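Quick notes on the structure that follows.
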Amino acid sequence: MGRRAFALLWGGQVVSLTGSGAATFALSMAVYAATGQAAALALVLAAKFVTSIYLAPLAGAVADHFPRRAVIITCDVALACCALVLAALAKSLTPGVIGAILAVVALSGFVDAALSVSLSASVRQLRGEADLTKVNGTVSFVENLPTFAGPVLGAAVYSFASPSLVFLFDAVSFTIAACLALLARWDSAPTGPKRPLRPFAGAAQGVRYILRDRRFRRLQLSFAWNNFFNGMGAAVLTAFVLTSADNPEWNLALYNIASSAGLLLGASAIVLVAGRVPRRFLVGGGVLAGGLVGRVALVATSLPWAWAVSGCARNLAVQLTNAPLTAIWQERVPPEQQGTVFGARRLLGQGSYPVAVLLGGVLTDHLVSAATLLLLLGAAEIVVGITLLTSRAVAELSEAPAETPA
């Protein structure tokens, strides 16, 4: 039953993520076409990003109060409704409706956060492996399959039909995901005593859960710094690729495609090496390799094909880190608190990311070159990787429990 439910849930994810990829592409094109302003485009795209990070503890606390299956179905239906509203707004897209789009996108970010933590928490309920690393590698592979299909589909429908049709497809994809979740049967009710629904108190509890445990605190702090360095390099890397060789648009497209391929290769690799390589080496080694190959080696060459190899290798390393890291949290956090703790983890780990993106852009414009800053950020990520490899706290957490409840 657990394996069947697992297959149904993530089969729905493939469909809904394909629709979301298409919708994100169409939204970007439509907003920019209506306003002609990069600032308006950035604001709309940032709205979902901000709510999915900063409201994640609240979303997780709410999600923990109800059965996982009910939360997943409700979130899929709510996201389908958001897509339908965007389809209606896109029919007469003018600068005046950007505010309404902003509100819908922000709401979808909150709902998506609740869906994300509920899906992550359901892994432990559905699978009984002692080491969930391989399972998370499979999940990551499934979630990244639509990386190529979504934008291509969005571009095709947007070009030959209309943005509204893309959002309608997105709504249908979430509806299909909800129906598949409805067919997935498992005991997803929260365990333990019934508690009153207090989202803010629950969010604070999730933060305290992480900070009061020495091992979790050190692990979370390391990845907070790593995400900060990664955020600083996000816009800087784009500037580096666009200004360091001829044919900048094609170079950036090649880098992005190779990076997406790296996600799938990394997910496949983690399925093969899980259980054979100690998780502490995957977690720390992935961060170290990402800084070394994805930042330092990238600025050492001016060859676009080498940049593509670097982007592929960096995302492969990211996958080698993320799957065992997620398994650690799934195995150590009580099932009834996982939504709350995972939401707090997202806030603590990614909360500085938007600020880091802006800071990286400012530093590149006014203080250092893109290549120099990428080199410094790569060195900083290498330090984080070495810290994780030598940390006793990470070594303790990396040992899988004797048994993981199904």
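Summary table below
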read-out	value
J(HN,Hα) series, the range 356-372, from Karplus relation 6.51 cos²θ - 1.76 cosθ + 1.60, nearest Hz, glycine and proline x	5, 4, 5, 4, x, x, 5, 4, 5, 6, 10, 10, 10, 6, 4, 5, 5
Net lengthening on full extension, Leu211/Ala300 (0.36 nm per residue, minus Cα-Cα)	28.2 nm
Euclidean distance between Cα centres, the range 366-385 to the range 287-332, Å	15
Solvent exposure, largest accessible area first (probe 1.4 Å, DNA, RNA and ligands not counted), of Trp329, Trp250	Trp250, Trp329
Prolate/oblate/rounded call for the chain, Cα gyration tensor, a/c under 1.5 rounded	oblate
Electrostatic dipole magnitude of the chain [Cβ: Lys, Arg +1; Asp, Glu -1; Cα centre; debye, to 20]	1100
J(HN,Hα) series, the range 346-353, from Karplus relation 6.51 cos²θ - 1.76 cosθ + 1.60, nearest Hz, glycine and proline x	5, 5, 5, x, 10, x, 8, 4
Computed E for Ala46/Leu165 - FRET, C-beta separation, R0 25 angstrom, nearest 0.05	0.50
FRET efficiency, 1/(1 + (r/R0)^6) with R0 30 Å, evaluated for Ala155 and Leu182 via beta carbons	0.45
Low-density loop positions, trypsin sites (Lys or Arg not before Pro), the range 203-263 - DSSP coil, at most 13 other Cβ in 10 Å	Arg212
Simple spin-label estimate for Val273 and Thr94 in nanometres, 7 Å along Cα-Cβ	5.6
For the range 81-89, 3J(HN,Hα) per residue [Karplus equation, 6.51 cos²θ - 1.76 cosθ + 1.60, θ = phi - 60°, Hz, x = Gly/Pro]	5, 4, 5, 5, 5, 4, 4, 5, 5
Helical contribution to [θ] at 222 nm, DSSP H n ≥ 4, -39,500 (n - 2.57), averaged over the chain, rounded to 500	-27500 deg cm²/dmol
Cut-off of 10 Å, at most 13 other beta carbons, DSSP loop: longest stretch of the chain lacking such GluC sites (Glu not before Pro)	1-398
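The values are calculated or read from the model by the stated rules, or taken from the named source; none is laboratory data. Everything quoted here is computed from the prediction, not taken from an experiment. Note: ideal-geometry Cβ built from the backbone for every residue, glycine included; neighbour counts use all protein chains shown. For accessibility, only protein heavy atoms count, side chains too; no ligands or nucleic acids. Shrake-Rupley method; radii C 1.70, N 1.55, O 1.52, S 1.80 Å.
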